[in-house]
1. Scan segment 279-293 and tell me whether some residue there is over 20 Å from M187 (Cβ atoms) and in contact with a Cys (Cβ under 8 Å, 6 or more places away or on another chain).
2. Quick one: L69 ticks every box in (1) open to solvent by less than 30 Å² (accessible area, probe 1.4 Å); (2) within 13 Å of the ligand (Cβ to nearest atom) bar one, so which box is it?
3. Can you name the number of the only condition in (1) of a type outside the set (V, I, T); (2) over 14 Å from A65 (Cβ atoms); (3) at pLDDT below 95 that Y36 fails?
4. Run D211 past the list (1) of a type in the set (D, E); (2) open to solvent by 30 Å² or more (accessible area, probe 1.4 Å); (3) assigned to a loop (DSSP other than H, G, I, E, B) and report the number of the one that doesn't hold.
5. Those residues that are touching a residue at least 12 places away in the same chain (Cβ under 8 Å) and more than 23 Å from the chain's Cα centre (by Cα), I need them from segment 243-256; list them, please.
6. If you go through segment 42-66 one residue at a time, how many are farther than 26 Å from S188 by Cα and either in contact with a helix residue (DSSP H, G or I) (Cβ under 6 Å, 6 or more places away or on another chain) or open to solvent by less than 10 Å² (accessible area, probe 1.4 Å) (or both)?
7. Which pairs turn up if I take residues in segment 300-329 that are modelled with pLDDT of 95 or more and look for partners that are charged (D, E, K, R) with beta carbon separation below 7 Å, at least 6 apart in sequence or on another chain?
8. With segment 243-328 as the region, which helices (runs of 4 or more DSSP H) entirely inside it contain at least 3 residues that are farther than 30 Å from D228 by Cβ?
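The values are calculated or read from the model by the stated rules, or taken from the named source; none is laboratory data. In this text, all values refer to a predicted model and were calculated from it rather than measured experimentally. So basically every Cβ, Gly included, is an ideal-geometry build from the backbone, and we count neighbours across all protein chains shown. Note: areas computed on protein heavy atoms with side chains; ligands, DNA, RNA excluded. Shrake-Rupley method; radii C 1.70, N 1.55, O 1.52, S 1.80 Å.
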Amino acid sequence: MEAKRKVFSGVQPTGNMHIGNYLGAFRNWVKLQDEYDTIYCVVDLHALTQPIEPDVLHAQRLDAAKVLLAVGIDPRKSLFYLQSQVPQHAELSWILGTLTPTGVLNRMTSYKDKVARGIPANVGLYAYPVLMAADILLHRCDLVPVGDDQRQHLEMTRDLAERFNNRYGEVFPLPDALIPPTSARVMSLAEPTAKMSKSDPNPRSRILITDSPDDIRKKIKSAVTDSDPDVRYDWEEKPGISNLLEIMADCTGRTIDDLVAEYGSGGYGRFKEAAAEAVVAELAPVRTRFKELDDAEVARLMQKGALDARTQAEGYQQEVRKAVGLNAV
Ligand code: TRP
């Protein structure tokens, strides 16, 4: 039997995980578990690249792990762990850094955007894409489900793998992006022309994966729309309604045309109520599982995941050390 292809993806434990993360990424990660050899990682070293209080980081990474478990990441199917508990990530990042021209990092748009937003420029923030490349290459992954905003990082990862292979011999496969068949573009409820974001200061702009049904209903009810009461899919004229249509279609598996046929002329109130119930139905089971998870049990699962990941990564890293001349003496 042919070996399954390997998938890697990571998420930063930055808190406020929302329905955009769920519909755009996590729900897909769960499905991929049945088809591929999947590795999912809470990338807490990446979270350190921006100012964050130690107790906040500590709490948020366990929270991130719980959200992913509640969504359906299954440690029996996936290798699932916290990045910082597997030191080979940082070691490989260092080695790849020595192959990364600073000119390449200077062109990274996400770095430039972050600095433009006032995030302090430091070496960690600058080298963020190198650590991401190490995440992907460490386990020799073939496929990476990432959003558009991470495309440039993935390109750089391929480039680094090639540089390494040319310099030291064939060690790394070149990873490809895995684009999900449908990926919702979920926009802010408060400002539907901007992406829904973890860092928006307005909590009404996003629906959290763990929001209560009542919070979900309130947030959708107060979602910004226009004043003409037709429910139509039209991002130019009606971004707020189009956003809710897209979210509802994704939560119900129905087509947008079908939803427009049913709710088109019934007014916004009726449509928003239906959209809210669709989101509640999708997220309620996740919330229930989240609340049932026991912190100590989750910590134990993460330790087990890290142990397995370290064992696997160490085998691969020995090959890297040997290739560059750092093998055991
Ligand atoms: N940079 C990614 C993000 O912010 C997170 C990430 C880190 C990642 N390492 C990764 C994603 C490796 C995919 C693969 O979304």
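1. Kept after step one, since they are over 20 Å from M187 (Cβ atoms), are these residues of segment 279-293: 281, 284-293.
Those still in the list that are in contact with a Cys (Cβ under 8 Å, 6 or more places away or on another chain) too: 281.
Scanning segment 279-293, I find at least one residue that is over 20 Å from M187 (Cβ atoms) and in contact with a Cys (Cβ under 8 Å, 6 or more places away or on another chain), so the answer is yes.
2. For L69, the exception is condition (2).
3. (3)
4. (2)
5. Across segment 243-256, the qualifying residue is only I256.
6. Residues that pass the stated criteria total 1.
7. Y316/R140; Q317/E91
8. On the way: elements: 256-263, 268-292, 295-324.
Qualifying helices (runs of 4 or more DSSP H): 268-292, 295-324.
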